[in-house]
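Working notes, beginning with the structure itself.
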Amino acid sequence: MSSDDGAARVGPERPLPENNVAERIKLEREIRGWSTQKLAERMAEVGHPVNQSAIWRIESGKPRRRVNLDEALGFSKVFDIPLDDLTGPPGHVSNAQVRRLVGEYVERWKEWRAAREPMDRARDEIEEYIKAHPDQEDMVRALLGYEVSGASGGDFMRHRDVPHSHRRLIGDEAPAKPDAE
């Protein structure tokens, strides 16, 4: 590569994928509502440190700062997107509001998934207890149904997101827990 080629690459005529990366980084950061400082912190957490001012120069500098491969891998990890998506045209990702909404949904789904694991373990322990003590099955199910009904305000079974395995454990209808007077 000649020195003239190198000069062209840092200016406005550099390859389109490099501009796509810069635009996509800014888009993904804004979708999540992160500051450049927050993004720098996330990059450090995944083992690809880059400082806040470097992120600003990547997104907005004149000329924009180039992204090296290590940083690109870090941005892909932080945003949970494939490297190909990071280098692709940002306009193909939909508008910012849709991406923000989808990003929010994905974050809530991850939280729900993480919260469900302990609930599944508790269900498994109750089922193991019932297997070991079959003579107490009716009492355990009745007590569980009664307590869950009270904790959910009586509408546990109406929630469409209650997993089938949890519905099966409690039974078709959990008895209503009387209101405390």
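The values are calculated or read from the model by the stated rules, or taken from the named source; none is laboratory data. Predicted, not measured: the structure shown is a model, and the values here were computed from it. FYI the Cβ positions are ideal-geometry reconstructions off the backbone, even for glycines, and counts take in every protein chain you see. These area figures cover heavy atoms from the full protein model, side chains too; ligands, DNA and RNA do not enter into them. Shrake-Rupley method; radii C 1.70, N 1.55, O 1.52, S 1.80 Å.
Of all residues in segment 33-48, those satisfying the criterion of being in contact with a helix residue (DSSP H, G or I) (Cβ under 6 Å, 6 or more places away or on another chain) and not aliphatic (A, V, I, L, M) are 36, 37, 42, 48. Consider segment 12-59 and keep the residues that are outside any helix (DSSP H, G or I) and open to solvent by less than 20 Å² (accessible area, probe 1.4 Å). The one that is modelled with the lowest pLDDT is 14. Answer yes or no as to whether residue 113 is surrounded by 12 or more Cβ atoms within 10 Å (Cβ to Cβ) and either modelled with pLDDT under 95 or part of a helix (DSSP H, G or I) (or both). Spelling it out, it is not the case that residue 113 is surrounded by 12 or more Cβ atoms within 10 Å (Cβ to Cβ) and either modelled with pLDDT under 95 or part of a helix (DSSP H, G or I) (or both).
Among the residues of segment 60-82 satisfying the criterion of being in a loop (DSSP other than H, G, I, E, B) and over 15 Å from residue 43 (Cα atoms), which is least open to solvent (accessible area, probe 1.4 Å)? Step by step, filter segment 60-82, then rank; the result is 61.
Quick grid of which residues meet (1) open to solvent by less than 90 Å² (accessible area, probe 1.4 Å); (2) among the basic types (Lys, Arg); (3) more than 30 Å from residue 16 (Cα to Cα); (4) at pLDDT below 85:
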residue	(1), (2), (3), (4)
92	no, no, no, yes
96	yes, no, no, yes
123	yes, yes, yes, no
145	yes, no, yes, yes
157	yes, no, yes, yes
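Once segment 130-141 is narrowed to residues that are open to solvent by 90 Å² or more (accessible area, probe 1.4 Å) and not basic (Lys, Arg), the residue that is nearest to residue 168 (Cα to Cα) is 138.
Write out, first by first residue and then by second, each pair whose Cβ atoms fall under 6 Å of each other, whose residues are 6+ apart or on separate chains, and whose first residue, in segment 58-74, is in contact (Cβ under 8 Å) with a residue 24 or more places away in the chain while the second is among the aliphatic types (A, V, I, L, M) and part of a loop (DSSP other than H, G, I, E, B). Here the result reads 58/67; 71/50; 74/46, each pair linking segment 58-74 to a residue that is among the aliphatic types (A, V, I, L, M) and part of a loop (DSSP other than H, G, I, E, B).
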